[in-house]
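Accompanying notes for the structure given below.
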Amino acid sequence: MEAVSTPVAPNARARLGWLAFVVLACAHFSVLYVWRSPQFLNLVRYSHGNEQLPYQGRVLMAWVLDLTAGNSHLAPLLLRLASHLPQEFHNPYLIVLLFTAFFSMLAAIFAARASLLHLTHDRQFASWAALLTLYMAYFNLVDVYGLSYSLPYDVPSLALFSLAVWLVFTQRYWLLLPVFLVGTLNRETFCFITIFLVLYAWFGADAPESRAAAMRRVAPHVALQAIVWVALRLWLHHHFLQNGFEAGQQGGGFFDLHLLHNLKSLLNPFQWPLFLGLFGFTLPLLIHSYRWISDRALARSVAILLPLWALAMLLVGVVVEIRVFDELTVFLVPCIGLIVWNRWVLPARRWSKFPVGV
């Protein structure tokens, strides 16, 4: 990684100002997200474990809703709180989703900040660049057109992925395991964290000997994560099998194939601005300035992970629901952050050391 200049330590007032800004920005996102996006699921059925598969199998938020809005003691308190809010929020389930979205986005930003701090060692830059998480979420989760409904596990998934990526960066693999377990209960796409762990460890080693050592170091963690993922997904699938499957799903399997439908969507010019707007129109910058990602292990891992995710979504997702690309934000943010850091921030700091006219 390129050597960095001495970072500027922000004072206490600047830290408080940043924190206040982040809290207000997360509150704005949460209100807009819950208010603007209709719920795809029947939240009462979902919290009681009665929704169709595959949605009910993403059970983490069902448990949260059942313990809060579905609780006969807590629901009246939530309704009393909702009475002070606009009419659209007079629902205990939506109040829980409002707070969940807020704290999940806050956690995602703090985890992204920790990742960027690890990569750049500049607290001030990491703090502001981490807000790319929020910026991209507005485009991926609060659509201006298209299929704009929401699902209760989308924003928590962003937070859990962001935390997991930081744990991979800092090699806290044993702490990653409980996060992986919770993330898998939330959404099955958490298996991509295991893929990222393998890729980042492989590309982070320079010589074949060190690569072999890196693979030996992560192999037990990869095996444990694979066992946890398979065991949980099989258990959830079996546990909710009596719920039935979404209309049109073929054969009652784990996934339904949507490849032909997705290819038609990709050929529809009306959808092209939607796809271009993914991650706040930052994909062209990522492609054009890929060489400026100074953590080459991250750059190479993401170069494999992004098309792999896109292929998976083409097969089993519905790509015009661009929320299915939501978790990729946690890989894009450090990449875009490093591009900005190396292309503009570091050169500007070097030039600022010279007297005017030199």
**OP:** Return the total of residues in region 28-53 being in a loop (DSSP other than H, G, I, E, B), in contact with a helix residue (DSSP H, G or I) (Cβ under 8 Å, 6 or more places away or on another chain) and open to solvent by less than 30 Å² (accessible area, probe 1.4 Å).
**Re:** 3
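Hand me the list of helices (runs of 4 or more DSSP H) wholly inside region 268-334 holding 1 or more residues that are closer than 23 Å to residue 120 by Cβ. First the steps, then the outcome.
Working: elements: 272-276, 283-288, 296-316.
In region 268-334, 283-288, 296-316 are the helices (runs of 4 or more DSSP H) which contain 1 or more residues that are closer than 23 Å to residue 120 by Cβ.
Taking the stated definitions as given, is residue 216 charged (D, E, K, R) and closer than 30 Å to residue 274 by Cα?
Spelling it out, it is not the case that residue 216 is charged (D, E, K, R) and closer than 30 Å to residue 274 by Cα.
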**OP:** Kindly list, by first and then second residue, each pair from a residue in region 27-46 that is in contact (Cβ under 8 Å) with a residue 24 or more places away in the chain to a residue that is assigned to a loop (DSSP other than H, G, I, E, B) and among the acidic types (Asp, Glu), limited to pairs with Cβ atoms under 6 Å and residues at least 6 apart or on different chains.
**Re:** 41/51
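Give region 284-296 a look and list any residue that's in contact (Cβ under 8 Å) with a residue 12 or more places away in the chain and either among the hydroxyl-bearing types (Ser, Thr, Tyr) or open to solvent by 10 Å² or more (accessible area, probe 1.4 Å) (or both), or say none. First the steps, then the outcome.
Step one: filter region 284-296 for residues in contact (Cβ under 8 Å) with a residue 12 or more places away in the chain, giving 285-286, 289-290, 292-296.
Passing the criteria: 285, 286, 289, 290, 292, 294, 295, 296.
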Original post:
Which residue out of 179, 168 is open to solvent by less than 30 Å² (accessible area, probe 1.4 Å), in contact with a Leu (Cβ under 6 Å, 6 or more places away or on another chain) and closer than 17 Å to residue 302 by Cβ?
Top reply: 168
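For every residue, the table says whether it meets (1) over 23 Å from residue 60 (Cα atoms); (2) outside any helix (DSSP H, G or I); (3) touching a Cys at 6+ places or on another chain (Cβ under 9 Å).
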{"residue": "178", "(1), (2), (3)": "no, no, no"}
{"residue": "190", "(1), (2), (3)": "no, no, no"}
{"residue": "201", "(1), (2), (3)": "yes, no, no"}
{"residue": "205", "(1), (2), (3)": "yes, yes, no"}
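Against the condition open to solvent by 10 Å² or more (accessible area, probe 1.4 Å) and within 28 Å of residue 120 (Cβ to Cβ), how does residue 160 come out, does it pass? Steps first, answer last, please.
Working: open to solvent by 10 Å² or more (accessible area, probe 1.4 Å): yes; within 28 Å of residue 120 (Cβ to Cβ): yes.
Taking the combined requirement at face value, the residue satisfies it.
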**OP:** Output yes when any residue across region 147-156 is without any contact (Cβ under 8 Å) to a residue 12 or more places away in the chain, assigned to a loop (DSSP other than H, G, I, E, B) and out of contact with any Phe, Trp or Tyr (no Cβ under 9 Å at 6 or more places or on another chain), and no when none is.
**Re:** no
Original post:
Do you know which residues across region 59-77 are modelled with pLDDT under 95 and open to solvent by less than 30 Å² (accessible area, probe 1.4 Å)?
Top reply: 69, 75
Original post:
Are any residues in region 254-266 open to solvent by 90 Å² or more (accessible area, probe 1.4 Å) and either more than 21 Å from residue 323 (Cβ to Cβ) or in a helix (DSSP H, G or I) (or both), and if so, which ones?
Top reply: 260, 261, 264
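The values are calculated or read from the model by the stated rules, or taken from the named source; none is laboratory data. Since the structure is predicted, the reported quantities are computational estimates derived from the model, not experimental observations. With ideal geometry, Cβ positions are generated from the backbone for all residues, glycine too; neighbour counts draw on all protein chains shown. Each accessible area value is taken on the protein alone, full model and side chains, heavy atoms only, with ligands, DNA and RNA left out. Shrake-Rupley method; radii C 1.70, N 1.55, O 1.52, S 1.80 Å.
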